[in-house]
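The values are calculated or read from the model by the stated rules, or taken from the named source; none is laboratory data. Every value quoted in this text rests on a predicted model; they were computed, and no experiment measured them. Heads up, the Cβs are rebuilt from the backbone with ideal geometry, glycines too, and the neighbour counts pull from every protein chain shown.
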Amino acid sequence: MKSLVKCDIYKLKKSRYFWICLIISVLLAAATVFLLDFTYKLAGENMEAQIEQQQAAMEESGLSVSAEGIPKNYDNLSTSAQLMTFFAGNTTLIMAVLISLFVGSEFNQGTIKNIASRNYSRSAIYLSKLIVGILVSILYTLLFVLTAALIASVLWGFGDVSSDFWIHTLQRGALELLLGAAYASLFVMFSILIRQNGGSLAVNICFLEFTSLILSLAEMAAGKLLGHSVSLAQYLPDMNMSILAQNPDQGDLLRALAVGICFLVLPAFIGIWSFNKRDIK
(Lines give C-alpha, C1' and ligand atoms only; values in the text may rest on other atoms or scores of the structure.)
Protein backbone atom coordinates (compact mmCIF):
# COMPACT_ATOMS: atom_id res chain seq x y z
CA MET A 1 0.00 0.00 0.00
CA LYS A 2 2.75 2.45 0.99
CA SER A 3 4.64 1.87 -2.26
CA LEU A 4 1.43 2.38 -4.26
CA VAL A 5 0.74 5.70 -2.55
CA LYS A 6 4.31 6.86 -3.16
CA CYS A 7 4.05 5.84 -6.81
CA ASP A 8 0.74 7.69 -7.26
CA ILE A 9 2.12 10.83 -5.59
CA TYR A 10 5.18 10.69 -7.86
CA LYS A 11 3.03 10.33 -11.00
CA LEU A 12 0.78 13.17 -9.89
CA LYS A 13 3.71 15.49 -9.18
CA LYS A 14 5.09 14.75 -12.65
CA SER A 15 1.79 15.58 -14.35
CA ARG A 16 1.22 19.00 -15.85
CA TYR A 17 -2.43 19.21 -14.76
CA PHE A 18 -1.46 18.94 -11.06
CA TRP A 19 0.59 22.12 -11.23
CA ILE A 20 -1.95 23.90 -13.42
CA CYS A 21 -4.71 23.12 -10.91
CA LEU A 22 -2.46 24.24 -8.05
CA ILE A 23 -1.75 27.57 -9.75
CA ILE A 24 -5.46 28.02 -10.49
CA SER A 25 -6.22 27.44 -6.78
CA VAL A 26 -3.82 30.23 -5.80
CA LEU A 27 -5.18 32.62 -8.45
CA LEU A 28 -8.76 31.78 -7.45
CA ALA A 29 -7.99 32.57 -3.82
CA ALA A 30 -6.55 35.96 -4.77
CA ALA A 31 -9.46 36.69 -7.11
CA THR A 32 -11.98 35.77 -4.39
CA VAL A 33 -10.56 38.32 -1.96
CA PHE A 34 -10.14 41.10 -4.53
CA LEU A 35 -13.68 40.54 -5.86
CA LEU A 36 -15.13 40.70 -2.35
CA ASP A 37 -13.14 43.86 -1.67
CA PHE A 38 -14.36 45.44 -4.91
CA THR A 39 -17.99 44.41 -4.28
CA TYR A 40 -18.11 46.04 -0.85
CA LYS A 41 -16.39 49.19 -2.10
CA LEU A 42 -18.82 49.43 -5.01
CA ALA A 43 -21.93 48.84 -2.88
CA GLY A 44 -20.85 51.26 -0.17
CA GLU A 45 -23.58 51.95 2.38
CA ASN A 46 -26.14 50.02 0.29
CA MET A 47 -24.56 46.63 1.02
CA GLU A 48 -26.70 45.92 4.10
CA ALA A 49 -29.92 46.69 2.20
CA GLN A 50 -28.83 44.47 -0.70
CA ILE A 51 -28.08 41.57 1.65
CA GLU A 52 -31.51 41.89 3.27
CA GLN A 53 -33.25 42.03 -0.12
CA GLN A 54 -31.46 38.90 -1.35
CA GLN A 55 -32.26 37.06 1.87
CA ALA A 56 -35.95 38.01 1.65
CA ALA A 57 -36.14 36.95 -2.01
CA MET A 58 -34.63 33.53 -1.27
CA GLU A 59 -36.93 32.97 1.71
CA GLU A 60 -39.95 33.79 -0.47
CA SER A 61 -38.74 31.05 -2.84
CA GLY A 62 -38.78 28.55 0.01
CA LEU A 63 -35.06 28.59 0.73
CA SER A 64 -33.97 29.19 4.32
CA VAL A 65 -30.81 31.30 4.27
CA SER A 66 -29.13 33.00 7.20
CA ALA A 67 -27.30 36.31 6.77
CA GLU A 68 -25.72 35.99 10.20
CA GLY A 69 -22.00 36.64 10.13
CA ILE A 70 -22.06 38.46 6.77
CA PRO A 71 -20.34 41.87 7.05
CA LYS A 72 -22.80 44.74 6.63
CA ASN A 73 -20.30 47.21 5.18
CA TYR A 74 -16.69 47.54 4.09
CA ASP A 75 -15.46 48.58 7.54
CA ASN A 76 -16.67 45.26 8.96
CA LEU A 77 -14.48 43.21 6.62
CA SER A 78 -11.61 41.38 8.29
CA THR A 79 -9.63 38.21 7.74
CA SER A 80 -10.90 36.63 10.97
CA ALA A 81 -14.53 37.26 9.96
CA GLN A 82 -14.03 35.74 6.50
CA LEU A 83 -11.60 32.96 7.39
CA MET A 84 -14.14 30.12 7.40
CA THR A 85 -15.60 31.21 4.06
CA PHE A 86 -12.14 30.59 2.58
CA PHE A 87 -12.49 26.94 3.67
CA ALA A 88 -15.99 26.46 2.29
CA GLY A 89 -15.68 24.33 -0.83
CA ASN A 90 -13.74 26.78 -2.97
CA THR A 91 -11.55 24.08 -4.52
CA THR A 92 -14.06 21.25 -5.02
CA LEU A 93 -14.53 21.99 -8.74
CA ILE A 94 -10.76 21.98 -9.22
CA MET A 95 -10.61 18.64 -7.38
CA ALA A 96 -13.32 17.22 -9.63
CA VAL A 97 -11.17 18.04 -12.66
CA LEU A 98 -7.91 16.83 -11.15
CA ILE A 99 -9.21 13.48 -9.86
CA SER A 100 -11.02 12.79 -13.14
CA LEU A 101 -7.77 13.33 -15.05
CA PHE A 102 -5.65 11.48 -12.49
CA VAL A 103 -7.77 8.32 -12.28
CA GLY A 104 -9.12 8.42 -15.83
CA SER A 105 -5.65 8.65 -17.37
CA GLU A 106 -4.71 5.36 -15.69
CA PHE A 107 -7.42 3.62 -17.71
CA ASN A 108 -6.89 5.62 -20.90
CA GLN A 109 -3.16 4.86 -20.93
CA GLY A 110 -3.53 1.28 -19.71
CA THR A 111 -1.24 1.77 -16.71
CA ILE A 112 -3.91 0.54 -14.28
CA LYS A 113 -3.71 -2.89 -15.92
CA ASN A 114 0.06 -2.99 -15.45
CA ILE A 115 -0.30 -2.07 -11.76
CA ALA A 116 -2.92 -4.80 -11.21
CA SER A 117 -0.58 -7.37 -12.79
CA ARG A 118 2.03 -6.75 -10.06
CA ASN A 119 0.08 -8.74 -7.46
CA TYR A 120 -1.41 -5.66 -5.80
CA SER A 121 -4.98 -6.20 -4.65
CA ARG A 122 -7.71 -4.19 -6.35
CA SER A 123 -8.70 -2.76 -2.97
CA ALA A 124 -5.15 -1.51 -2.34
CA ILE A 125 -5.00 0.13 -5.77
CA TYR A 126 -8.32 1.87 -5.16
CA LEU A 127 -7.40 3.01 -1.65
CA SER A 128 -4.12 4.41 -2.95
CA LYS A 129 -6.00 6.61 -5.43
CA LEU A 130 -8.40 7.66 -2.67
CA ILE A 131 -5.63 8.52 -0.19
CA VAL A 132 -3.77 10.60 -2.76
CA GLY A 133 -7.01 12.34 -3.75
CA ILE A 134 -7.71 13.23 -0.11
CA LEU A 135 -4.15 14.49 0.42
CA VAL A 136 -4.38 16.74 -2.62
CA SER A 137 -7.79 17.99 -1.49
CA ILE A 138 -6.31 19.01 1.86
CA LEU A 139 -3.28 20.59 0.17
CA TYR A 140 -5.37 22.68 -2.25
CA THR A 141 -7.79 23.78 0.47
CA LEU A 142 -5.06 24.87 2.87
CA LEU A 143 -3.19 26.62 0.06
CA PHE A 144 -6.38 28.48 -0.88
CA VAL A 145 -7.03 29.48 2.73
CA LEU A 146 -3.44 30.61 3.32
CA THR A 147 -3.31 32.68 0.12
CA ALA A 148 -6.70 34.30 0.72
CA ALA A 149 -5.91 35.00 4.39
CA LEU A 150 -2.58 36.67 3.57
CA ILE A 151 -4.11 38.96 0.94
CA ALA A 152 -7.14 39.73 3.11
CA SER A 153 -4.91 40.63 6.04
CA VAL A 154 -3.06 43.16 3.87
CA LEU A 155 -6.34 44.70 2.63
CA TRP A 156 -8.50 44.60 5.76
CA GLY A 157 -6.32 43.53 8.67
CA PHE A 158 -6.87 40.36 10.67
CA GLY A 159 -9.42 41.83 13.07
CA ASP A 160 -10.11 41.30 16.75
CA VAL A 161 -10.80 37.76 17.89
CA SER A 162 -12.21 36.15 21.03
CA SER A 163 -10.26 33.84 23.31
CA ASP A 164 -11.88 30.72 21.82
CA PHE A 165 -11.57 31.85 18.19
CA TRP A 166 -8.77 29.46 17.23
CA ILE A 167 -10.39 26.47 18.93
CA HIS A 168 -13.63 27.00 16.99
CA THR A 169 -11.71 27.73 13.79
CA LEU A 170 -9.66 24.54 14.04
CA GLN A 171 -12.78 22.53 14.85
CA ARG A 172 -14.75 23.86 11.89
CA GLY A 173 -11.70 23.83 9.63
CA ALA A 174 -11.17 20.11 10.33
CA LEU A 175 -14.81 19.43 9.42
CA GLU A 176 -14.42 21.44 6.21
CA LEU A 177 -11.40 19.30 5.30
CA LEU A 178 -13.41 16.15 6.09
CA LEU A 179 -16.21 17.30 3.77
CA GLY A 180 -13.62 18.06 1.10
CA ALA A 181 -12.25 14.54 1.55
CA ALA A 182 -15.82 13.24 1.14
CA TYR A 183 -16.03 14.96 -2.24
CA ALA A 184 -12.67 13.45 -3.18
CA SER A 185 -14.11 10.02 -2.34
CA LEU A 186 -17.12 10.68 -4.58
CA PHE A 187 -14.92 11.86 -7.44
CA VAL A 188 -12.67 8.78 -7.17
CA MET A 189 -15.71 6.49 -7.15
CA PHE A 190 -17.24 8.05 -10.26
CA SER A 191 -13.88 8.00 -12.03
CA ILE A 192 -13.38 4.31 -11.24
CA LEU A 193 -16.94 3.46 -12.32
CA ILE A 194 -16.71 5.33 -15.64
CA ARG A 195 -13.02 4.70 -16.43
CA GLN A 196 -12.61 7.52 -18.95
CA ASN A 197 -11.24 11.03 -18.60
CA GLY A 198 -14.07 12.81 -20.41
CA GLY A 199 -16.94 10.79 -19.00
CA SER A 200 -15.79 10.93 -15.38
CA LEU A 201 -15.05 14.64 -15.69
CA ALA A 202 -18.57 15.31 -16.99
CA VAL A 203 -20.24 13.21 -14.27
CA ASN A 204 -18.15 14.68 -11.45
CA ILE A 205 -18.85 18.26 -12.51
CA CYS A 206 -22.56 17.58 -13.08
CA PHE A 207 -22.88 15.97 -9.66
CA LEU A 208 -21.13 18.92 -8.07
CA GLU A 209 -23.12 21.58 -9.89
CA PHE A 210 -26.61 20.13 -10.16
CA THR A 211 -27.26 17.90 -7.12
CA SER A 212 -27.87 20.83 -4.76
CA LEU A 213 -30.08 22.55 -7.33
CA ILE A 214 -32.20 19.42 -7.87
CA LEU A 215 -32.63 18.87 -4.13
CA SER A 216 -33.51 22.55 -3.61
CA LEU A 217 -36.24 22.27 -6.24
CA ALA A 218 -37.43 19.04 -4.62
CA GLU A 219 -37.59 20.82 -1.25
CA MET A 220 -39.69 23.62 -2.72
CA ALA A 221 -42.08 21.17 -4.40
CA ALA A 222 -42.38 19.00 -1.28
CA GLY A 223 -42.94 22.07 0.89
CA LYS A 224 -45.86 23.22 -1.25
CA LEU A 225 -47.39 19.73 -1.34
CA LEU A 226 -46.98 18.95 2.35
CA GLY A 227 -47.64 22.44 3.66
CA HIS A 228 -44.43 22.61 5.67
CA SER A 229 -40.75 23.01 4.89
CA VAL A 230 -38.67 19.96 3.99
CA SER A 231 -34.88 20.06 4.26
CA LEU A 232 -32.89 17.67 2.08
CA ALA A 233 -29.94 19.76 0.90
CA GLN A 234 -28.58 20.00 4.44
CA TYR A 235 -27.45 16.39 4.07
CA LEU A 236 -25.10 17.24 1.19
CA PRO A 237 -21.43 18.09 1.77
CA ASP A 238 -21.56 21.49 0.05
CA MET A 239 -24.51 22.72 2.13
CA ASN A 240 -22.71 21.69 5.31
CA MET A 241 -19.61 23.52 4.10
CA SER A 242 -21.69 26.68 3.78
CA ILE A 243 -23.29 26.20 7.21
CA LEU A 244 -19.88 25.73 8.85
CA ALA A 245 -18.77 29.05 7.34
CA GLN A 246 -21.53 30.86 9.28
CA ASN A 247 -22.19 30.37 13.01
CA PRO A 248 -23.02 26.67 13.40
CA ASP A 249 -24.41 25.24 16.61
CA GLN A 250 -23.53 21.84 18.07
CA GLY A 251 -26.21 20.12 16.00
CA ASP A 252 -24.77 21.60 12.80
CA LEU A 253 -21.30 20.37 13.73
CA LEU A 254 -22.53 16.84 14.45
CA ARG A 255 -24.49 16.72 11.20
CA ALA A 256 -21.45 17.93 9.24
CA LEU A 257 -19.37 15.18 10.88
CA ALA A 258 -21.96 12.51 10.04
CA VAL A 259 -22.38 13.73 6.45
CA GLY A 260 -18.61 13.86 5.96
CA ILE A 261 -18.08 10.32 7.25
CA CYS A 262 -20.98 8.89 5.22
CA PHE A 263 -19.92 10.53 1.97
CA LEU A 264 -16.33 9.47 2.58
CA VAL A 265 -16.99 5.81 3.46
CA LEU A 266 -19.98 4.81 1.32
CA PRO A 267 -18.51 5.84 -2.07
CA ALA A 268 -15.28 4.08 -1.08
CA PHE A 269 -17.16 0.82 -0.43
CA ILE A 270 -19.11 1.13 -3.69
CA GLY A 271 -15.98 1.96 -5.67
CA ILE A 272 -13.94 -0.90 -4.20
CA TRP A 273 -16.79 -3.37 -4.77
CA SER A 274 -17.17 -2.29 -8.40
CA PHE A 275 -13.42 -2.28 -9.05
CA ASN A 276 -13.11 -5.82 -7.68
CA LYS A 277 -16.06 -7.13 -9.73
CA ARG A 278 -15.25 -5.65 -13.15
CA ASP A 279 -12.46 -6.68 -15.51
CA ILE A 280 -9.73 -4.19 -16.40
CA LYS A 281 -9.54 -3.73 -20.16
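Observations, loosely collected:
- Where a residue in segment 111-136 is surrounded by 19 or more Cβ atoms within 10 Å (Cβ to Cβ) and among the hydroxyl-bearing types (Ser, Thr, Tyr) and its partner, wherever it lies, is at pLDDT 80 or above and part of a helix (DSSP H, G or I), with Cβ under 6 Å and at least six apart: 126/271; 126/272; 126/275; 128/4; 128/5; 128/8
- Test: residue in segment 267-279 that is under 27 Å from residue 127 (Cβ atoms), touching a residue at least 12 places away in the same chain (Cβ under 8 Å), in contact with a Lys or Arg (Cβ under 6 Å, 6 or more places away or on another chain) and among the hydrophobic types (A, V, I, L, M, F, W, C): yes
- Residues of segment 83-124 that turn out to be hydrophobic (A, V, I, L, M, F, W, C), under 30 Å from residue 147 (Cα atoms) and at pLDDT below 85, as a count: 1
- Some residue of segment 116-129 being more than 23 Å from residue 279 (Cα to Cα), among the polar types (S, T, N, Q) and touching an Asp or Glu at 6+ places or on another chain (Cβ under 8 Å): no
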